[in-house]
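The values are calculated or read from the model by the stated rules, or taken from the named source; none is laboratory data. Predicted model only: the values in this text are computed from it and were never measured. When we count neighbours, we look across all protein chains shown, and the Cβ atoms used for this are built from the backbone with ideal geometry, even at glycine. Surface accessibility is based on the protein's heavy atoms, side chains included, excluding ligands, DNA and RNA. Shrake-Rupley method; radii C 1.70, N 1.55, O 1.52, S 1.80 Å.
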Amino acid sequence: QVQLVESGGGLVQAGGSLRLSCAASGRTFSTYAMGWFRQAPGKEREFIAAITRSGLATYAADSVKGRFTISRDNAKNTVYLQMNSLKPEDTAVYYCAARRAYRPNSYDYDYWGQGTQVTVSS
């Protein structure tokens, strides 16, 4: 079991950047594939990006590919989402998720953080 806490959200102008962090409790962080999701009001949860246990392979949704980068530091029990060239449509609550598996996917995760708000103004 792992507890996830997101941070780094806030208000940013279109074209700007933010880096989200997700800190995990426990000593088993490296056994989890990790993912980032977002959900805007009135919309379904959307997969953003994922990373393998080792951090050597990453995946990104088409909507953010080339702008967002997921990474992890297993020594710090932390996964990051670097968000560049932000657009107003990126406005959402962003969630970190953990999956106890070799590889991540876009939907099946065991643990979720509480989320952090990202608002992009035009």
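Solvent-accessible area per residue in the chain equals 53 Å², computed with a 1.4 angstrom probe and all protein chains kept. Computed from the Cβ-Cβ distance with R0 of 25 Å, the FRET efficiency linking T31 to S63 stands at 0.30. The range 45-122 and the range 1-37 have their alpha-carbon centroids 7 Å apart. For the range 110-122, 3J(HN,Hα) computed residue by residue from phi via the Karplus equation (6.51, -1.76, 1.60; θ = phi - 60°) reads 8, 9, 9, x, 7, x, 9, 7, 10, 10, 10, 8, 8 Hz, glycine and proline entered as x. In whole angstrom, the chain maps to an equivalent ellipsoid with semi-axes of 23, 14, 13, each derived as √(5λ) from the alpha carbon gyration tensor and ordered largest first. Test of understanding: extend the Cα→C-beta vector of N84 to 7 Å, then name every residue of the range 1-44 with backbone N under 12 Å from that spot. Label zone hits: 16-18.
Label separation (A101 vs Q3): 2.6 nm, computed from points 7 Å beyond Cα along the C-beta direction.
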